[in-house]
Structures are given as C-alpha cells and as structure tokens.
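One structure is given here, and the rest of the page talks about it.
The values are calculated or read from the model by the stated rules, or taken from the named source; none is laboratory data. As the structure is a computational prediction, the values presented were derived from the model and not from experiment. Heads up, the Cβs are rebuilt from the backbone with ideal geometry, glycines too, and the neighbour counts pull from every protein chain shown.
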Amino acid sequence: MGLAALRGRAGAARAGRGCSGGPRIHVMAGRVPLGTDRAAVAGEMETTFIENLKYTADLLSQEDMIGLLEPINNRITDPRYYLNTPHQAAAILEKVGRPNLKLQLVKEFWGPWACHIQIAQVPGRHEPDSPGEVNFPYIFELLESLGYTGYVGCEYAPTGDTLEGLGWLRSYWESRGLQHGGTSKAAK
C-alpha cells in the first residue's frame, strides 16, 4: 500500500522507484501505522508525504513521467490508507506544486490534477454494466465531452471470466458506432 507518507521510510520509498515501463506511475501514500490514531499522526504524515512527493516528482521529470496519486476510500477499501479523499489529494498536490503529479481519477472540480480514471461499479466492484449506483454511460459521455484522452483502467472483479467481464466494452463500442478495439467503422 505504499510508503511515501511514512516517516522513517523515505529510503525504502525512494528505492522503490523502478521504471514502470510507461509514462505514468502510481505513487502510493501508505497506511497509518497499526494502533496509531490517524488524527495524531496526520500532520507528520502529510509533511513526509509532501517531502517525498517533491523528491519523486523531480526524479520522474527527468524521465518525462507523471506520478499519479490515488485517494483510497478508507470506509470501504482500506481503513488505514492515509490518502483517502480527492480533496485531501488536491490540497497536497497544491502544496507540492509539481506539474508532473496528478490525481488518478477524473472529476472536473479537481481541475488540473486529474489525469487517470479507474472504474468499478458500486457496490461490489464489478463491471460497469452490472447493477449498481454509477451511471457509466453518462460518465463516459461526460469524459468525451470534456475532451478526456487519458486511460480508463478497469479495476473491478469480473462476475464471470475476464472475456465475459469485458462484454460491456463491446456493447459500449457498438453503441458509439465503433468496431472492436474502438476504431471507427467509417475508418475501415
């Protein structure tokens, strides 16, 4: 779950900076230590996180890479994960002040930090077309209208096998007049 916000772990956090093989890398904050009150260590963890993010951003800029911060819901996914709201992440990114650090999600409110989306239906973390609360056709149309050209990562547990779990994508492409692979039928 990362080390970037953990005091005394900077060496390990910085040593784990291996090449991701792509232009973006997920920088994970880490977890509030077991048995520690979150409020009691919040300031120290933020200071450490900011210091390590500045260091990381400088290294990544040498490779023309972007570091992605992902707030993780501490009520559902991991109660101890330090970075747990988009607002917290945006405030930290503003304090760090490096253009090559972004949020790993998209919402127009979060402005210049938005860069990458991961999707899963709520509740259950299944395919976008499974029963749930999120209207993914609306989200995808909104992203298109905003000119979003980044990646959309599928971070869900398929209800069947992997190919069945991608059936929603084929249906989406067809609804948009696209062939398999997202290419225009007119281009064929």
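Just a yes or no: is a residue in region 63-85 more than 18 Å from the chain's Cα centre (by Cα), farther than 24 Å from residue 38 by Cβ and modelled with pLDDT of 85 or more?
yes
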When residues of region 28-42 are filtered for being without any contact (Cβ under 8 Å) to a residue 24 or more places away in the chain and under 15 Å from residue 89 (Cα atoms), how many remain?
-> 1
Of the residues in region 21-46, those that are out of contact with any helix residue (DSSP H, G or I) (no Cβ under 8 Å at 6 or more places or on another chain) and among the charged types (D, E, K, R) come to 24, 31, 37, 38, 44
Count of residues meeting criterion [buried (at least 20 other Cβ atoms within 10 Å of the Cβ) and either modelled with pLDDT of 95 or more or more than 19 Å from residue 155 (Cβ to Cβ) (or both)] in region 101-112 = 1
Restricting region 115-134 to residues that are surrounded by fewer than 19 Cβ atoms within 10 Å (Cβ to Cβ) and acidic (Asp, Glu), the residue that is farthest from residue 157 (Cα to Cα) = 133
Taking interchain pairs and intrachain pairs at least six residues apart, which have beta carbon atoms under 9 angstrom, with the first residue in region 43-57 and assigned by TED's automatic domain parsing to the domain that holds residue 28 and the second among the hydroxyl-bearing types (Ser, Thr, Tyr)?
-> 45/82; 46/82; 49/82
For region 143-170, what are the residues that are assigned to a helix (DSSP H, G or I) and within 11 Å of residue 117 (Cβ to Cβ)?
-> 143
Taking the condition over 14 Å from the mean Cα position of the chain (by Cα), at pLDDT below 80 and not acidic (Asp, Glu), does residue 35 pass?
-> no
Pull up region 69-94, narrow it to residues that are in contact with a Leu (Cβ under 9 Å, 6 or more places away or on another chain) and assigned to a helix (DSSP H, G or I), then point me to the one that is farthest from residue 56 (Cα to Cα).
-> 86
